[in-house]
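Working notes, beginning with the structure itself.
The values are calculated or read from the model by the stated rules, or taken from the named source; none is laboratory data. Keep in mind that what you see is a predicted model, and the values were worked out from it rather than measured. All Cβ positions, glycine included, derive from the backbone under ideal geometry; neighbour counts span all protein chains shown. All accessible areas refer to the heavy atoms of the entire protein, side chains included, with ligands and DNA or RNA removed. Shrake-Rupley method; radii C 1.70, N 1.55, O 1.52, S 1.80 Å.
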Amino acid sequence: MTAVDYQQLFAQSAPELPGAELDWLAAMRDGAIRQFVRDGFPSPRVEEWKYAALGPLAKTRFELAGTTAADLRRTLDRAAMPAESYRVVFVNGRLREDLSELAALPPGVTVKSLAATIAENPERLQPWLTKTADLTEDRLSGVRDERPFAMVAMNTAFATDGIVIHLARESAAELPIHIINLTATDSNDRMTQPRNIIIAEEEASALIVETYAAVGETSYLTNAVTQVFAAKDAHIRHYRLQAEAATAFHIATTLAHLDTAAAYDSFVLSIGSAFSRNEVRVALDGEHVHCRLNGAYLGRGRQHHDNWTRVDHLKSNGTVSETYKSVLDDKSRGAFQGKIRVWPDAQKTDAHQLNNNLLLSADAQADSKPELEILADDVRCSHGSTVGDIDESALFYLCARGIDEGRARDLLVEAFIGDLIDHIGFGTAHDYFRDAFEDWLAAVRREHQP
């Protein structure tokens with residue numbers, strides 16, 4: 001499907017999108033589809049997409065997914081957190097209130113669908129939603145480039161629904177807010193475009209978990225965009241589990257803006273889909289902001305996981321700790337590009353970035369490109385990356401103590417990834433992600449059994 005075909009699809013779909021009658025929203029969508037038609041799917045010629053293989057994606061004719069009558073209960077039970085949470089369920093990109101559990105939200109915490117928010121209070125949403133209307137990559141050469149944001153533009157044009165979470169000043173969500181996105185289609189080549197907006201006012205806090213999963217094994221595209229706004233002293237923990245079908249394409253973009261003394265803690269575990277892209281952009285636009293970006297991407301078969309992060313230190317005394325790790329088996333491929341830019345006013349910045357890759361197969365491939373751009377002179381920054389196999393001396397040590405080789409390999413992989421999961425703290429979310437990781441490891445073990 002060419003970009004022009006998507007323009008035709010947009011012309012057919014636009015009248016049915018939420019808020020189609022709003023001039024500002026229609027203008028934003030028109031601008032977005034023009035941008036996407038002009039730039040098309042990003043290619044490796046765009047530096048930020050250097051390791052992404054979107055050829056099959058660009059050749060597929062995707063249509064917007066419709067509603068479904070499929071029995072979702074079994075998949076939903078697997079995707080849900082075992083402990084109590086505020087649960088919001090979207091199926092094929094649309095809210096399913098009958099599957100959601102949102103009763104008794106604490107005072108000051110509002111959770112509504114994007115479509116409902118546009119219908120009831122579009123003026124309140126406009127300032128936040130339009131912040132993505134003119135996104136460009138600003139290069140040190142002075143060149144501004146819109147091409148890296150083509151998938152954000154596609155989402156802006158076609159988003160049918162998503163979640164809007166508003167945390168009033170000093171409010172706190174006592175339980176995790178769990179957003180479950182399920183894809184269930186009877187035919188191939190459908191797409192969903194979730195659009196999520198998280199607004200935390202001063203001193204508000206919440207733990208937000210996003211899960212992406214599927215019913216069946218059809219080919220589909222999920223192209224999600226999540227915007228996070230954290231005001232002074234707000235604290236957002238934001239964790240994502242990408243467990244899409246093995247036949248899926250998954251692209252996710254997170255855009256976070258952090259004010260003075262805010263804290264943002266991000267973790268993503270990528271285990272599903274044929275191709276996935278996880279992009280996280282964070283702007284530290286206040287002093288004493290704290291940010292942690294962690295991620296684990298686990299590949300087997302011919303899976304391809306692509307990760308791209310950028311952190312902009314705009315003000316002084318900010319801290320960033322970033323660690324991404326991969327475990328790649330069979331002929332899978334993983335890529336990491338991470339850029340930390342320290343602007344001239346961001347003195348006393350403390351920023352560290354690390355990418356570690358563990359290859360379980362000689363045919364697996366890891367690409368790594370950490371970057372620092374430092375324009376201030378009083379900072380402490382570091383970056384690094386490693387690619388390696390299982391430590392044979394550690395393996396021998398464990399086997400020499402009576403542990404069979406398969407179990408010994410599992411223990412080494414668990415030790416490699418486990419610390420990232422432990423960073424999210426012990427509790428409901430920790431157990432949820434730990435279980436997903438152990439399920440992946442068990443699947444690898446079964447595939448290697450004679």
Original post:
Could you say which residue among Asp367, Asp419 is of a type in the set (D, E, K, R), under 23 Å from the mean Cα position of the chain (by Cα) and loosely packed, with under 15 Cβ neighbours inside 10 Å?
Top reply: Asp419
Subject >> Every residue from the stretch 65-103 that is open to solvent by 40 Å² or more (accessible area, probe 1.4 Å), of a type outside the set (Lys, Arg) and in a strand (DSSP E or B) >> reply: Leu95, Glu101
Subject >> Filter pass, Glu202 being open to solvent by 10 Å² or more (accessible area, probe 1.4 Å), at pLDDT 95 or above and part of a loop (DSSP other than H, G, I, E, B) >> reply: yes
Original post:
Of all residues in the stretch 134-179, which are closer than 16 Å to Leu102 by Cβ, open to solvent by less than 30 Å² (accessible area, probe 1.4 Å), assigned to a loop (DSSP other than H, G, I, E, B) and not aliphatic (A, V, I, L, M)?
Top reply: Asp161, Gly162, Ser171, Pro176
**OP:** Look through the stretch 104-133, keep the residues that are open to solvent by less than 80 Å² (accessible area, probe 1.4 Å) and assigned to a loop (DSSP other than H, G, I, E, B), and return whichever of them is modelled with the lowest pLDDT.
**Re:** Ala133
Original post:
Considering only residues of the stretch 371-416 that are of a type in the set (Ser, Thr, Tyr) and loosely packed, with under 14 Cβ neighbours inside 10 Å, which is nearest to Phe336 (Cα to Cα)?
Top reply: Thr386
**OP:** Check whether at least one residue in the stretch 295-308 is closer than 12 Å to Tyr264 by Cα, open to solvent by less than 10 Å² (accessible area, probe 1.4 Å) and assigned to a strand (DSSP E or B), and report yes or no.
**Re:** no
Subject >> Selection within the stretch 281-304 - of a type in the set (Asp, Glu) and touching a strand residue (DSSP E or B) at 6+ places or on another chain (Cβ under 8 Å) >> reply: Asp285
**OP:** Considering each of His250, His238 in turn, give the residue that is assigned to a strand (DSSP E or B), open to solvent by less than 20 Å² (accessible area, probe 1.4 Å), without any contact (Cβ under 8 Å) to a residue 40 or more places away in the chain and closer than 28 Å to Pro82 by Cβ.
**Re:** His250
**OP:** Identify all residues within the stretch 258-290 that are among the hydroxyl-bearing types (Ser, Thr, Tyr), under 16 Å from the mean Cα position of the chain (by Cα) and outside any strand (DSSP E or B); write none if there are none.
**Re:** Ser273
